[in-house]
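Here is the structure we will look at, set down as structure tokens.
The values are calculated or read from the model by the stated rules, or taken from the named source; none is laboratory data. Not measured: the values here are computed from a predicted model. Ideal geometry is used to build each Cβ from the backbone, glycine not excepted, and the neighbour counts take in all protein chains shown. Accessible surface is based on the protein model in full, side chains and every heavy atom, while ligands, DNA and RNA are left aside. Shrake-Rupley method; radii C 1.70, N 1.55, O 1.52, S 1.80 Å.
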Amino acid sequence: GINAEYGKQWYQRRVRGYIPGIYMAVRAGDSIEVLLFPPLVLLTFLLYFTASLMNPGYVPIQHDEVDADRTTLIKSDHAYFCRWCDQTQPLRSKHCRECNRCVRRFDHHCPWLGNCVGERNHRYFILFLLAEDILIFRCLGMAWDTARSSTEVLEWLEYNGILLICAIVLIIGALAVTALSCCHIYLILHGLTTWEHVSHSKITYLKRWPEDNTPFNFGYCKNCFMFCCYCNTQNWEKYIKSLT
């Protein structure tokens, strides 16, 4: 009787209203969107686990015959001696205390990945951020498409309350991920890492040059090409030596 009718109305108003964007896409005949969304989710997961699980560029441990207390700059090769790894660091490397290893072209240690971002996995980290950005904005679009219109505020909130909460969370995530993506793209264009940008005045091999004209800045196009296409470990020392 009354309970059955109420249940039917609740289903029509709430359950059908909250079936995610795939339902709306099918109803609208947008089969392309239905086909593209699952691969986008899968791609985001694959990029995340690739950046998280792969070797970020750990410097192989080779104990040097040098006093372990030595922490000053070795001017002959422009590298520091790492007292924790007991070896000379290649240029642009930094010791990560969380990983307890020196990492080549160290960018930062990402707690969300549980891994450092370095020379080997930096490009996958950027691709993950970009894929996540696209996924978040697509989810926002799906939430917008799924929302039901109403002239009454309370009725609109009854229909779309959960979607509104999800949209707020997605907007916060979109702002954070987009800001992080833009910062990293800026640094890539200028041939810098996050660590070099933040600690520029403290890094001996960089503080002699202005931040927009370091020895590793080869112009926007070449910086992007080197970042995306150079898969092998780079000998950054040669760029310093050519200028000294």
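Check whether at least one residue in the range 167-178 is in a loop (DSSP other than H, G, I, E, B) and modelled with pLDDT of 85 or more, and report yes or no. Looking through the range 167-178, none of the residues is in a loop (DSSP other than H, G, I, E, B) and modelled with pLDDT of 85 or more. Among the residues of the range 208-225, the ones that are open to solvent by 50 Å² or more (accessible area, probe 1.4 Å), under 17 Å from T194 (Cβ atoms) and modelled with pLDDT of 80 or more come to 0 in all.
Might you let me know whether the range 226-240 holds any residue that is in contact with a Gly (Cβ under 9 Å, 6 or more places away or on another chain) and either polar (S, T, N, Q) or exposed (fewer than 14 other Cβ atoms within 10 Å of the Cβ) (or both)? Among the residues of the range 226-240, at least one is in contact with a Gly (Cβ under 9 Å, 6 or more places away or on another chain) and either polar (S, T, N, Q) or exposed (fewer than 14 other Cβ atoms within 10 Å of the Cβ) (or both), which makes the answer yes.
Selection of first residues in the range 34-56 that are exposed (fewer than 15 other Cβ atoms within 10 Å of the Cβ) and of second residues that are outside any helix (DSSP H, G or I), restricted to Cβ pairs under 7 Å at least 6 apart or on distinct chains, gives the following pairs, ordered by first then second residue: M54/R120; M54/N121; N55/R120.
Yes/no per residue for (1) β-branched (V, I, T); (2) without any contact (Cβ under 8 Å) to a residue 40 or more places away in the chain:
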{"position": "F128", "(1), (2)": "no, no"}
{"position": "D133", "(1), (2)": "no, no"}
{"position": "M142", "(1), (2)": "no, no"}
{"position": "V153", "(1), (2)": "yes, yes"}
{"position": "L157", "(1), (2)": "no, yes"}
{"position": "N160", "(1), (2)": "no, no"}
{"position": "A167", "(1), (2)": "no, yes"}
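The single condition among (1) under 30 Å from C102 (Cβ atoms); (2) out of contact with any His (no Cβ under 6 Å at 6 or more places or on another chain) that N217 does not meet is (2). For the range 113-169, give me each residue that is buried (at least 18 other Cβ atoms within 10 Å of the Cβ), within 30 Å of C231 (Cβ to Cβ) and β-branched (V, I, T). Result: V117, I126, I136. L113 falls short on exactly one of the conditions (1) assigned to a strand (DSSP E or B); (2) under 25 Å from L46 (Cβ atoms); (3) among the hydrophobic types (A, V, I, L, M, F, W, C), and that condition is (1).
If the condition is being small (G, A, S) and more than 21 Å from the chain's Cα centre (by Cα), then the range 196-244 contributes S201, G219, S242. No other residue among I240, I188 is part of a helix (DSSP H, G or I), closer than 23 Å to F125 by Cβ and in contact (Cβ under 8 Å) with a residue 12 or more places away in the chain apart from I188.
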